[in-house]
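Engineer: Below: one structure in structure tokens.
The values are calculated or read from the model by the stated rules, or taken from the named source; none is laboratory data. Keep in mind that this is a model prediction, so the values were computed, not measured. Cβ atoms come from the backbone with ideal geometry, glycine included; neighbour counts cover every protein chain shown. Side chains are part of the model used for accessible areas, which takes the heavy atoms of the whole protein and leaves out ligands, DNA and RNA. Shrake-Rupley method; radii C 1.70, N 1.55, O 1.52, S 1.80 Å.
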Amino acid sequence: MGQHSDYAYDQDTHTILVISTACSALSTVMSAAVVGVLLSGKHLRKRFAYKLILVIAFNDFMAHQSRLYSYYTIRNPDGWVCLFQAVTGIYFKLASIAWSSATAYTIATILHAARHGRLLNQRTLMRNFVVVCQTLPVIPAIIPLALDSFGPAGAWCWIQMQGHKNHILRIVCYYLWAWLAMGYVVFSYISSSYHTRQLETLVRGCGEMKFSLKHYCLVVNCSCADKSA
């Protein structure tokens with residue numbers, strides 16, 4: 001990482017830092033509470049819907065806790081902690097976004113299987129989700145590291161704001177995927193809502209499916225709210 005000892009820490013940065021840290025602390029506590037509740041209930045861990053909630057909550061927890069030590073990283077931008085915050089911030093945010101998209105995909109898959117009278121292979125689906133949602137985000141997280149683009153970015157360490165290269169990296173390594181995921185989630189839920197009305201009688205007769213649909217919708221609505229910002 002390049003030298004950033006000349007980074008200006010002004011009053012505006014301090015204000016943003018205080019607000020960000022407070023919000024991150026609240027989000028970290030809430031995510032930890034969700035993880036704790038789900039891990040404490042054996043009957044919950046066996047349900048596919050709750051497995052998705054657990055993974056999303058875990059990634060949210062890791063993403064938000066990385067902002068808790070911004071006060072240190074922004075004053076020591078040349079240290080490894082700054083790099084760690086930047087890498088984990090991108091990785092866990094993208095992983096959470098990917099799992100939220102996987103949740104929307106699962107609902108669409110359930111409805112498709114119901115229309116054709118087939119059962120959902122949960123084990124195969126979860127294995128594919130782990131590969132795509134938890135592994136692939138490593139790539140956009142390490143590209144800025146390889147290009148020496150991490151450093152102070154406002155009130156925390158992330159992809160720096162200066163330079164044409166860094167602007168492109170911000171879009172390619174984060175915002176592009178966040179926007180695409182949000183677009184897919186919106187499209188998927190509109191489509192699923194339409195098909196759900198068509199299959200209302202079938203869903204009413206399948207308690208497990210109806211239970212899963214309600215909680216899948218709750219997960220995406222709660223976890224996707226701030227990920228495109």
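Engineer: Rounded to the nearest Å, what's the spacing between the alpha carbon centres of region 69-90 and region 11-44? Just the number, please.
Structural biologist: If you average the Cα positions of each part, the centres end up 18 Å apart.
Engineer: Using a 1.4 Å probe and ignoring any ligands, DNA or RNA, find the accessible area of residue 12 and quote it in Å² to the nearest 10.
Structural biologist: 110 Å²
Engineer: Then there is this: Between residue 76 and residue 14, what is the FRET efficiency for a Förster distance of 22 Å, r being their Cβ-Cβ separation, to the nearest 0.05?
Structural biologist: Details: r = 15 Å, r/R0 = 0.70.
Efficiency at R0 = 22 Å is approximately 0.90.
Engineer: So, for region 65-189, what is the accessible surface per residue at a probe of 1.4 Å, expressed in square angstrom?
Structural biologist: Details: 6050 Å² over 125 residues.
Per-residue value: 48 Å².
Engineer: Additional query: Rounding to the nearest 20 debye, state how big the charge dipole of region 23-91 is about its Cα centre with +1 on each Lys and Arg Cβ and -1 on each Asp and Glu Cβ. Could you put the intermediate results ahead of the total?
Structural biologist: Working: 7 positive and 2 negative charges, 91 e Å.
Using Cβ point charges on Lys, Arg, Asp and Glu, region 23-91 gives about 440 debye.
Engineer: Can you classify region 88-149 as rounded, prolate or oblate using the Cα gyration tensor, where a ≥ b ≥ c are the square roots of its eigenvalues, rounded means a/c under 1.5, and otherwise it's prolate if a/b beats b/c and oblate if not? Could you put the intermediate results ahead of the total?
Structural biologist: Details: a/c = 4.39, a/b = 3.13, b/c = 1.40.
Judged from the Cα gyration tensor, region 88-149 comes out prolate (a/c at least 1.5, a/b above b/c).
Engineer: What distance in nm lies between label points placed 7 Å from Cα along the C-beta direction at residue 109 and residue 84?
Structural biologist: Result: 3.5 nm between the two label points.
Engineer: Here is a follow-up. Solvent-accessible area of residue 93, probe 1.4 Å, all protein chains present, reported in Å² to the nearest ten, please.
Structural biologist: 30 Å²
Engineer: How much accessible area does residue 67 have with a 1.4 Å probe, in Å² rounded to the nearest 10?
Structural biologist: Rounded to the nearest 10, that gives 60 Å².
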